[in-house]
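**Q** What follows is a structure written as structure tokens; I'll ask about it next.
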Amino acid sequence: MVKVIVSGHSRGLGEAVAAALLLRGARVLGLARNRNARLAARFPDTFSEVALDLADADALPRWLETGRLGAWIDGAEQAVLVNNAGTISPMGPPALQDPNEVARALALNVAAPLMLAAAFCAAAASVTDRRILHVSSGAARKPYPGWSVYCASKAALDHHARAVAEDKVAGLRICSLAPGVLDTEMQATIRATSLERFPLRERFAEMQRAGGLVPVDDCARRLTDYLLGDAFGTAPTADLRDLPG
Ligand code: NDP
């Protein structure tokens, strides 16, 4: 049995990845602030969810202490963690960033995935096939004006994956994967941002007008093929746009 934890399953890429995995027969536990009634209705027997603010520095440790993660993984033949939840905010040069928002972004984009990875590896120690996917971004590898917090947070995920790969833990594969530019609320937030905070806004608006944003279901299908396939984790960082298929 394949058991998966997906953060940020309430909408966007996380919802699409959760649905793609559920359609393949996996059991999925979603973690986000909002519940997903669509997944609950479609997959009443194999989908569970927990309402959790992953940017709350107290809430995640409290939830981990409940032992629910270990109870969820119990009995799995393959255990998978998809660290998908993330935020693009705050955008803007440092002087325009609210320091509290910076802290929340790093808690969500960096601390939560690394904490979940640690708890997952401990809880799934006896599962022979364990996989961790960090949802990264092209912004981890290329700097963008106005996105310094986001770029730094995604670069942290990439380097975490590289270092964990060096641990060479038997049965553990990890990859920090850039998914491409997706048609989600995050892109709508980017298009609604002032030019002062994000000077390249029009490039992304034009991409949307030209039909250049990837539908999340298409991305999720390819991402899931890679995640469950033999090649997963061959390299600790990857870009879905460069992978075959
Ligand atoms: P969305 O903004 O559409 O969805 C974000 C998801 O993260 C939601 O399910 C949301 O759930 C969850 N989330 C946000 N804040 C919290 C929180 N405090 N606690 C728990 N969950 C939270 O984003 P996308 O689907 O576009 O992005 C998904 C991932 O893909 C992100 O990591 C993003 O950086 C990455 N990515 C996206 C790209 C794009 O073009 N869209 C490009 C490259 C990477 P809720 O609000 O219910 O908590």
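**Q** Would you mind finding the one in Val110, Val135, Val50 that is touching a Phe, Trp or Tyr at 6+ places or on another chain (Cβ under 8 Å) and either closer than 30 Å to Arg24 by Cα or of a type in the set (Phe, Trp, Tyr) (or both)?
**A** Val50
**Q** Then there is this: Quick one: in region 34-51, of everything that is of a type in the set (D, E, K, R) and free of Cβ contacts under 8 Å to residues at least 24 places away in the same chain, which residue is farthest from Gly86 (Cα to Cα)?
**A** Residues of region 34-51 of a type in the set (D, E, K, R): 35, 38, 42, 45, 49.
Cutting the leftovers down to free of Cβ contacts under 8 Å to residues at least 24 places away in the same chain gives us 38, 42, 45.
Values: Arg38: 21, Arg42: 25, Asp45: 27 Å.
Restricting to residues being of a type in the set (D, E, K, R) and free of Cβ contacts under 8 Å to residues at least 24 places away in the same chain, the top hit is Asp45.
**Q** Another one. Take the residues of region 184-194 that are surrounded by fewer than 15 Cβ atoms within 10 Å (Cβ to Cβ) and touching a Gly at 6+ places or on another chain (Cβ under 9 Å): which is farthest from Cys219 (Cα to Cα)?
**A** Ser194
**Q** Of Ser148, Ser153, which residue is within 14 Å of the ligand (Cβ to nearest atom), surrounded by 14 or more Cβ atoms within 10 Å (Cβ to Cβ) and hydroxyl-bearing (Ser, Thr, Tyr)?
**A** The match here is Ser153.
**Q** Now, a different point. Within region 156-182, take every residue that is more than 13 Å from the chain's Cα centre (by Cα) and either at pLDDT below 95 or β-branched (Val, Ile, Thr) (or both) and give me the one that is farthest from the ligand (Cβ to nearest atom).
**A** Among them, the one singled out is Val169.
**Q** Please determine, by comparing only the residues of region 1-20 that are assigned to a strand (DSSP E or B) and not basic (Lys, Arg), which one is farthest from the ligand (Cβ to nearest atom). Let's see the steps before the verdict.
**A** To start, the set of residues in region 1-20 that are assigned to a strand (DSSP E or B) comprises 2-7.
Now narrow it down to the ones that are not basic (Lys, Arg): 2, 4-7.
Numbers: Val2: 21, Val4: 15, Ile5: 12, Val6: 9, Ser7: 6 Å.
Out of the qualifying residues, it is Val2.
**Q** Sticking with this one: Among the residues of region 21-63, how many are crowded, with 19+ Cβ neighbours inside 10 Å, away from the ligand (no atom under 14 Å from the Cβ) and part of a helix (DSSP H, G or I)?
**A** The total comes to 2.
**Q** Going by what's in this entry, would Pro236 be described as in contact (Cβ under 8 Å) with a residue 24 or more places away in the chain and more than 16 Å from the ligand (Cβ to nearest atom)?
**A** So Pro236 passes the test.
The values are calculated or read from the model by the stated rules, or taken from the named source; none is laboratory data. Predicted model, so just to flag it, every value in this text is computed and none were measured. Methodologically, a virtual Cβ is constructed for each residue, glycine included, from the backbone with ideal geometry; neighbour enumeration extends over all protein chains shown.
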